Amino acid sequence: MTSDRTLPKVLWIAAGTALAIGLLLTIRTLIDLPDFVARHGKRVQDLRAVMAMEEARRAQEEAIRCWTRIEAAAPPLSDVLGRQCPDVVTNVVNLEAVPSLAGWLVRRSAVTVAGARYDRIAELERAGAASRPPWVLAECVLEASDRPGVAARLELVFETAERVTK
């Protein structure tokens, strides 16, 4: 008869022990939850950064493929602007070339235009972009004037890529 009473007692003790262990593990999990959420958030952030870097790498490779297909070097920016925008008086200064990816240079030219309308920026940008290989507008500084719609001075910096070795 004592064995009939011992089994339910043992089962109640086992159930109570399992409940206590379950509660302790639940409390421990709830205590660790903020750290886990923070680690997970950091991992998601890192993954997004890696994905952005991969996308930038793909875009860079595609740009290199496109630029590699163009055999000729970019014509001087002064020639391009003189041909495309003959009515705009520009002062073009070639800046020092900057090394880029292996085998490539970034050529830069500064263009200064005095007393021009603001819409001339778009015209000059389109003229540079129409060149093959293109000149890309990289920087733009505007100096306002008293006249509406007219800049006292436009300073534009254009860039193009050029292969160092073939």
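The values are calculated or read from the model by the stated rules, or taken from the named source; none is laboratory data. Everything numeric in this text was worked out from a predicted model, so none of it was measured. Neighbour counts run over all protein chains shown; Cβ positions are idealised from the backbone, glycine included. Ligands, DNA and RNA are stripped out before the accessible areas are found, and what is left, the full protein with its side chains, is counted by its heavy atoms. Shrake-Rupley method; radii C 1.70, N 1.55, O 1.52, S 1.80 Å.
Here are a few things to note about the model shown:
- The modelled label-to-label distance for the pair Asn91/Cys140, using points 7 Å beyond Cα in the direction of Cβ, is 2.1 nm.
- Cα long-axis angle, helix 2-69 against the chain (0 to 90 degrees, to the nearest 10): 10 degrees
- The relative contact order of the stretch 3-110, computed from alpha carbon pairs under 8 Å that lie at least 6 residues apart in sequence, is 11 percent.
- Over the stretch 112-166, Cα pairs under 8 Å with separation of 6+ residues give a relative contact order of 41 percent.
- Tail weight of P(r) past 25 Å, computed on alpha-carbon pairs of the stretch 1-149, percent: 62 percent
- Ligands, DNA and RNA are left out, and with a 1.4 angstrom probe the accessible area of the chain is 72 Å² per residue.
- Across the stretch 86-139, the relative contact order, built from alpha-carbon pairs under 8 Å that are at least six residues apart, equals 27 percent.
- Accessible area (Å², 1.4 Å probe, nearest 10) - Leu47: 100 Å²
- In Å², nearest 10: area of Glu159 left accessible to a 1.4 Å probe: 60 Å²
- Apportionment of accessible area to carbon and sulfur, the chain, percent (1.4 Å): 62 percent
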